[in-house]
1. Mind checking the full-extension length gain between Arg286 and Asn310? Use 0.36 nm per residue of separation minus the Cα-Cα distance, one decimal, nm.
2. Work out, step by step, the length gained on full extension between Asn219 and Ser296: first 0.36 nm times the residue separation, then minus their alpha carbon distance; give nm to one decimal.
3. Under the rule a/c < 1.5 gives rounded, and otherwise a/b versus b/c splits prolate from oblate, where does the chain land using the Cα gyration tensor?
4. Work out, step by step, the length gained on full extension between Gln146 and Gln130: first 0.36 nm times the residue separation, then minus their alpha carbon distance; give nm to one decimal.
5. When the helices in the chain are scored as -39500 (n - 2.57) per DSSP H run of 4 or longer and the sum is shared across all residues, what 222 nm value do you end up with, to the nearest 500 deg cm²/dmol?
6. Give the residues of the range 238-267 whose amide nitrogen is closer than 20 Å to a point set 7 Å from the Cα of Met226 in the direction of its Cβ.
7. How far apart, in nanometres, would the label points at Asp84 and Ala157 be if each is projected 7 angstrom from Cα along the Cα-to-Cβ direction?
8. What does DSSP give for the chain in terms of the percent of beta bridges that are antiparallel, rounded to the nearest 5?
Amino acid sequence: MALKLSDYKTDVHNDWCPGCGDFGILNAIQMALSDMQIPLHKAAIFSGIGCSGKTPHFIHTYGIHTLHGRVLPFAQGTKLSNPDLEVLAVGGDGDGLGIGAGHFVSSGRRNVDMVYMIFNNAVYGLTKGQAAPTLKLGMKTKSLPQPNVNNSVNPIALALVAGFTFIARGYSYDVRHLKDLIRKAVEHKGLAFIDVLQPCPTYNDINTKEWFQGLDNTNPESGKQMPRIYKLEDTGYDGTVNESGEIDTKLAQVIARSNEWGNKIPIGIFYRNEHIPTYHERLVARIPNYMENPPSKQHISDTNNKPTANINKLLDDLRVDK
Ligand code: SF4
């Protein structure tokens with residue numbers, strides 16, 4: 001029987017602030033899972049700490065609300081242990097690009113076949129709006145006593161140099177476009193990253209929904225309002241690497257577009273490269289039956305519920321005084 005969108009929703013009370021962009025992202029994830037008809041027991045959603053950390057509570061699949069900045073190790077370990085699962089990791093920009101920045105970079109080197117989404121609102125919303133790593137230098141949101149003294153991280157460029165093989169940006173109030181990005185990220189063979197611009201109406205009073213809509217951004221000649229958000233695909237941009245000879249050109253255009261901010265902000269797929277082996281493919285090159293017998297399918301106890309691991313032998317092997 002076909003799964004309905006409502007099957008992917010839980011009845012857990014949601015206490016995000018009214019108007020929070022997180023609602024759009026949550027809807028887009030549920031719509032993408034429903035579109036792809038992913039069985040509830042075949043998906044696992046992991047989160048870090050922050051407002052976005054509550055996401056797995058609202059999705060009726062497996063899910064774990066993990067530790068601050070540590071969502072990627074949990075999610076990657078699960079995918080490696082059980083390659084049959086569709087694994088999504090979510091977290092805020094503070095969680096993923098502050099305390100979790102080391103894991104972000106290391107993950108790019110591995111190319112585990114899963115999706116990581118950052119809910120990017122440029123502030124630490126759960127702890128009253130301190131400056132997060134994507135807040136631009138000199139910006140003073142209403143929760144800051146002084147303008148931000150740090151420069152900002154560019155998540156798209158960082159993902160590129162770290163080695164992510166699918167890099168996209170979405171906008172939380174364009175739910176259908178974001179849903180399509182999530183679907184393409186899940187279908188991508190390798191590690192996919194989506195930077196989702198997400199207004200935080202409670203603490204970020206600068207990058208608001210109205211600001212992204214460009215209500216203050218008028219064309220001096222026509223007097224018309226110009227939305228800041230535009231779609232890469234509407235400009236003929238193509239981020240897909242079709243053959244190795246075009247990699248340098250594709251990399252350069254990602255850097256150029258990722259630096260656009262202010263009056264023009266691109267969303268869409270910046271980069272897609274399926275020519276890099278996934279971590280599972282690298283494992284299979286060393287352990288040929290890995291996919292048939294991954295850790296999640298191995299027995300850890302016998303029929304009498306006795307552990308099959310022989311800890312005494314292991315300890316003997318590790319003794320240094322023998
Ligand atoms: Fe959303 Fe900001 Fe409220 Fe957190 S503090 S729930 S990010 S509006």
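Values in this text are rule-based calculations from the coordinates and carry no lab data. The model shown is predicted, which means the values in this text are computed figures rather than measured ones. We place every Cβ from the backbone using ideal geometry, glycine too, and count neighbours over all the protein chains shown.
1. Working: separation 24, 0.36 × 24 = 8.64 nm, distance 2.42 nm.
Going from the current span to full extension adds 6.2 nm.
2. Details: separation 77, 0.36 × 77 = 27.72 nm, distance 5.75 nm.
Taking 0.36 nm per residue and subtracting the Cα distance, the gain is 22.0 nm.
3. Working: a/c = 1.79, a/b = 1.64, b/c = 1.09.
Cα axes put the chain in the prolate bin.
4. Numbers: separation 16, 0.36 × 16 = 5.76 nm, distance 1.08 nm.
Computed gain between Gln146 and Gln130 is 4.7 nm.
5. -8000 deg cm²/dmol
6. 256-267
7. 4.4
8. Details: 9 of 39 bridges.
For the chain, the DSSP antiparallel bridge percentage is about 25.
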